[in-house]
Amino acid sequence: MRTPRRFVPWVLVAVSLTVTAWALNARYSSANADQRLWSELPRTVAPQSEVLRSDTFVKLAARLKPTVVSIVTERRIANTYFHQQWGVDPFGRNPFNMPMPRQFKGRGQGTGFVINAKGYILTNNHVIENATKITVSFDDDETYTANVIGADPKTDVALIKIKPKKPLQVAPLGSSTNLKVGEFVVAIGNPFGLSHTLTVGVVSAKGRTSIRPSGRLLYANFIQTDASINPGNSGGPLINLRGEVIGINSAIRKDGQGIGFAIPIDMVKTLLPQLRKGRIDRSWLGVMIGPVTRQLATSMKMKDAHGALVREVVPSGPAERAGIQPGDVIREFNGTAIRTFNQLPWLAASLGIGKTVPLKVLRNGKLLTLRVKLARFPSQPNRLSQRGPQYQDPGNGVVERRLGLSVASGIRSHNGRGVSVTNVEQGGPAYLAGMRRGDRIISLNGSVIGDASELAQIVTSLPPNGFVRLVVQRGSRRIFVAFSLR
């Protein structure tokens, strides 16, 4: 049967639209695939049984060893020892008239793993930091030179890239959020240069925040494991029984054999898009914080010792504009309860520049809800000199005896509030808490201080072994200090 002519144009239009839609969809899918830096396994498919079997680790090793690489770096190391000990002339000669090189060539070792078939590899920042050359080797002995795409010292994560001769096998990324203590995990790396070594253990703990690889202060929430991790394992994957990477092995304790630490992979995922661009932009709250001790919690009539104590508010920062004050205890941030103060820095840094979030603070026994607009993390936060004006020591007996400091009588600030600290006893309670000469005490335990006699009167009334909470002006900064009386 012939198609009436009047329908032909409509058929052609329909076909044309279908082809166009198909082409656009294919193009969109291709673009999305190109933008997808890592892969994940479907939750509905379990390629490896999560029940431990005799061949479980054999299969994991066969599947994931090809995705793990050995990393060897070359660095220029300054010859500081001989130059400091002996000194050199402009020609690099020491007193014995021997030429002395100003730099040595050093080598380092570590591990990484492929997350993208085009050659993207994850590792630790400290593995590749300051490297002049990075060499990557696979289990089949293929070797490549790698370039750094992006690195973040604050989390100790780095993204490097090679130009592979063929598409690479990739390690799928899992989730560390629902990881449970006691789960079996596998570490693959290059301990002591022994390439592609596999070790097995369990998740020993989560949320370790006091670990400082290379002595650095990090945004940390480490996974602790007893899977053997040694020098050379840094940057390698920590893998669950599904064959997913749930952490990057990053740190060990030299005084504790069998204890290693890994960066949670969910933290790494939030950084990867920025690492790919070569730059990390963090949001910023603008506070200096510390722990809420049991003594402090008791003195503030808190039911528990949870939260982040605001020790200092950076002038003109987001927190100051939101009304946060030194001495506040941040109990909740953007709906997340703050149990320990180490939780807060990562939350504030990763939420996003310009985002306005609610937070709950405890102040003078009352729970307040404030809203803060996060700013871009500055390259140098506004912290001024810690030295203030110097005054003569009035020798106030009770204050000196109980607080370990002396204050000036009759010297007030321009607004009539506070007394100036003229001397701080070395090793005394105030000194150990961070008080310094030139500070000005604004309030003690919530009571505003007008002069030295008012301060002495309040200190005299405090019970033995009592706890004091001071708001202190230091230059243009206002900080919070707390310590026990003696």
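With respect to ARG376, is the statement that it is touching a His at 6+ places or on another chain (Cβ under 6 Å) and over 18 Å from ARG477 (Cα atoms) true? Steps first, answer last, please.
Values: touching a His at 6+ places or on another chain (Cβ under 6 Å): no; over 18 Å from ARG477 (Cα atoms): yes.
It is false that ARG376 is touching a His at 6+ places or on another chain (Cβ under 6 Å) and over 18 Å from ARG477 (Cα atoms).
Of the residues that make up segment 368-375, is at least one surrounded by fewer than 20 Cβ atoms within 10 Å (Cβ to Cβ), in contact (Cβ under 8 Å) with a residue 12 or more places away in the chain, not in a strand (DSSP E or B) and not assigned by TED's automatic domain parsing to the domain that holds LEU470?
no
Conditions tested, residue by residue: (1) over 15 Å from GLU400 (Cα atoms); (2) crowded, with 18+ Cβ neighbours inside 10 Å.
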position	(1), (2)
GLY450	yes, no
LEU455	no, yes
VAL459	no, yes
LEU462	no, no
VAL468	no, yes
SER476	yes, no
ALA482	yes, yes
LEU485	no, no
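Read through the list (1) within 26 Å of GLY108 (Cα to Cα); (2) under 26 Å from the mean Cα position of the chain (by Cα); (3) not basic (Lys, Arg), then give the number of the only condition that ASP139 fails.
Exception for ASP139: condition (2).
Look through SER413, SER409 and report the one residue that is under 23 Å from GLY317 (Cβ atoms), at pLDDT below 85, surrounded by fewer than 20 Cβ atoms within 10 Å (Cβ to Cβ) and of a type in the set (Gly, Ala, Ser).
Values: SER409 fails: under 23 Å from GLY317 (Cβ atoms).
Result: SER413 is the single residue among SER413, SER409 that is under 23 Å from GLY317 (Cβ atoms), at pLDDT below 85, surrounded by fewer than 20 Cβ atoms within 10 Å (Cβ to Cβ) and of a type in the set (Gly, Ala, Ser).
Please specify each residue of segment 473-482 satisfying the condition of being more than 15 Å from ILE289 (Cα to Cα) and in a strand (DSSP E or B). Reasoning before the result, please.
First, the residues of segment 473-482 that are more than 15 Å from ILE289 (Cα to Cα): 473-476.
The answer is GLN473, ARG474.
The values are calculated or read from the model by the stated rules, or taken from the named source; none is laboratory data. Worth saying up front: this structure is predicted, and the values here are computed from it rather than measured. Cβ atoms come from the backbone with ideal geometry, glycine included; neighbour counts cover every protein chain shown.
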